[in-house]
Each structure stands twice: as structure tokens, then as C-alpha cells.
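Before any comments, here is the structure.
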Amino acid sequence: MKYSHLLLIYFLLYCVAVQAQDVHLSQFYSNRQNLNPAMAGNYDGRYQVALNYRSQWAQIGSVPITTSMISYDQKVPFYSDEIAVGGTIVRDEFQGFNNVYSKYLLTAAYVKTINFHELRAGVQFGLATRSTDLSRQTFPNQWVRSAGIFDQNVDNREDGLQQNQNFVDVNVGFAWSKTFANFKSTAGISFFHVNKPKDSYFKDAVEGLKMRPVIHGEVEVDLQKGFRLIPRAMHMWTTKNENTMLGANLHKDIQNLPIQELYAGLLYRDGFGRNGDALIPIIGVKYKTVDIGFSYDINVSELSSGSNQKGTVEFSLVYTPPSFTPRKLAIPCDRF
């Protein structure tokens, strides 16, 4: 009972926190626009479509919190530089209270190469909408002590609440990458909610969302016999909330088959010295131009006994058709 109560309290706190925080992915690298607007167009291909689905906390009343995300971006030459444009649609839903959080974002990034250093800057802006069903919720003053139940026919006395809200959101980011002899390094920093939009169900709320910085990096190392190792790290924070992810994926190239690549890896999520959260095993396959990934969060926190180590199921699908357009054109001139 102790762990069940802890789990319930944690879940309730999560539902409150999700009103003020963004959706996040265990496979954070699979949707670049959600990680950093500057990372739009950072791939080898004509364009890219990324699909993500995440389901968590299904063990609480069999009603999970689900996240669906789709992104598209495409890059075009701009003189000797490059521009990437794209968009993202996000839907985060908790059916228990019919809570729905949706975002519709447009992204633009500029890429400049100087002495083989690739410098990127991006901006993202769009509309966020949030709704809830107050009729499914109960409030302290509706508690009938003699009956031991909540009576929703009693006035909840919450006149300051609204069921729907809309706000404009602005995000920016910067990134750097460079290819060396047998590895490529990438690092970036992004800032979400730079306009500090008001995100509250209370009509008289005056304080906006706090800015959320994100620092991330990875190194893609070519090994022998078709193996590649990609260590990754990401740290983000807002107010006193922190989220750190560390880990790596090992890739194996496959020759002469439609399946071009297999990979597996492990990530660890922590609160940067505050709370150990989850171990996340990952497996994936690249079939022709489609990369499919699957991960499962294994709860290793103090709540693991209450959750029976159950966590989060997440899928990613990234489609990247090849590009046959050279990045730079040169007209040869014969010498006489």
C-alpha cells in the first residue's frame, strides 16, 4: 500500500506538472525539431518525415497518457549556404480527464559552413491549445463527509477556471557540427518559451511559462566491420525541474539486403543528482529509407515497486528519401 500511495501521488503531481511542461521523448534524437529548431535539415536526404508515439502510466486505472507527434522538414540551397523549413504537430492526451494539449509549430533554420564547421541557427513559432473537461473532475468542497463521496452536483466554487486556452509559443536554437577522420561531432543549445506565454486554466493567471533551456550532443564514431557507435547526452531544465539523459546506440550496417541497418542501445534518465528515473533499452532497424525504433522505459526509481517496473512504450518512424541534388555546383573552365 505504501508504494501504491506513492505512485498515485507521483501520478497526480505528474498530471499537474504536465500542464506547465512540454512533452518529451525517450528517443529524443529521433525528432530533431522537438529537440532544437536549429537541427531542422540536419540529415543526408531530400526531406524527412518523423512520426513518434508514446504511451505511459497505463498501470494507473488502465488510462495511459499518450503523445503523438509528426514532423516534416526540407532543406534547400541558398547561395553557398543552406536553409531548412518544416513544421511539427504534437498531441498530448490524458483520457481520464479528457485533457488534450496540441501544438502546431513552424520551423526555419539557417546553415553556414566555415572551414568545415557547420553552424546552425533556428527559430520555431506556432500556436498551442489546451483543453480539459471540468465535469469529469472533483474539487475539495464537493466532498460529502457523511457519505464518503464527492458530489458533483455541489458547486465547485471554482469560478476562475476555464476549460480551454490558446497561446503563441516561440522557441530558438543554435547548433554546431564537424566531420573528422572517423567520427562526427554535433552539439547544440535551444531555448523553449522565450516569449514566456501564459499557460494556465486560471483566468486571472499573470505568470507565464518559464524558459526551458536544452543542451544536447552526440558523437558518431565509425568502427571496424560496419559498426558505428553513437553516444548521446541531453540535459534540460526549467525552474527546479531537471531531466538528464545519457546513453549510446550501436549500429551494424547490413550489405545486399533491403534491411540496411540494425541497432540497439541503452539510455539512462536521471534528475541530475536528484532522482534516478528509468533505464531505457532501445532496438531499431533501418529498412531502405525508413528508420524504425522501439524503446521501453523501465522504472528504477523508488516508485518501481508500486509500478511493477512498468513504464513507457515508445515508437519512432523516420522516413528520409535520398537526395540526388549536389549541395554545390561548379562549372569547369578549360585553360588555353
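The values are calculated or read from the model by the stated rules, or taken from the named source; none is laboratory data. In this text the structure is predicted, and so the values were computed from the model without any measurement. Cβ atoms come from the backbone with ideal geometry, glycine included; neighbour counts cover every protein chain shown.
Which residues, counting only those in segment 276-288, are surrounded by 14 or more Cβ atoms within 10 Å (Cβ to Cβ) and either in contact with a Leu (Cβ under 6 Å, 6 or more places away or on another chain) or not in a strand (DSSP E or B) (or both)?
Narrowing segment 276-288 to residues surrounded by 14 or more Cβ atoms within 10 Å (Cβ to Cβ): 276-286.
Within segment 276-288, 280, 281, 285 meet the criteria.
Consider residue 246 carefully, then state whether it is closer than 21 Å to residue 299 by Cβ and either in contact with a strand residue (DSSP E or B) (Cβ under 8 Å, 6 or more places away or on another chain) or exposed (fewer than 13 other Cβ atoms within 10 Å of the Cβ) (or both).
Values: closer than 21 Å to residue 299 by Cβ: yes; either in contact with a strand residue (DSSP E or B) (Cβ under 8 Å, 6 or more places away or on another chain) or exposed (fewer than 13 other Cβ atoms within 10 Å of the Cβ) (or both): yes.
The answer is yes for residue 246.
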Expected output for segment 227-255 (first residue farther than 20 Å from residue 276 by Cβ, partner among the polar types (S, T, N, Q) and modelled with pLDDT of 95 or more, Cβ below 7 Å, 6+ apart or cross-chain) is 230/249
The residue from 47, 79, 14 that alone is among the hydroxyl-bearing types (Ser, Thr, Tyr) and either closer than 18 Å to residue 123 by Cβ or modelled with pLDDT of 95 or more (or both) is 47
Among the residues of segment 295-318, is any modelled with pLDDT of 90 or more, on the phi > 0 side of the Ramachandran plot and surrounded by fewer than 19 Cβ atoms within 10 Å (Cβ to Cβ)? no
Inside segment 126-143, the number of residues satisfying the requirement of being buried (at least 17 other Cβ atoms within 10 Å of the Cβ) and within 21 Å of residue 195 (Cβ to Cβ) is 3
Subset of segment 162-197, residues under 14 Å from residue 120 (Cα atoms) and of a type in the set (D, E, K, R), comes to 178
Among residues of segment 196-207 being at negative phi and loosely packed, with under 15 Cβ neighbours inside 10 Å, the residue modelled with the highest pLDDT is 198
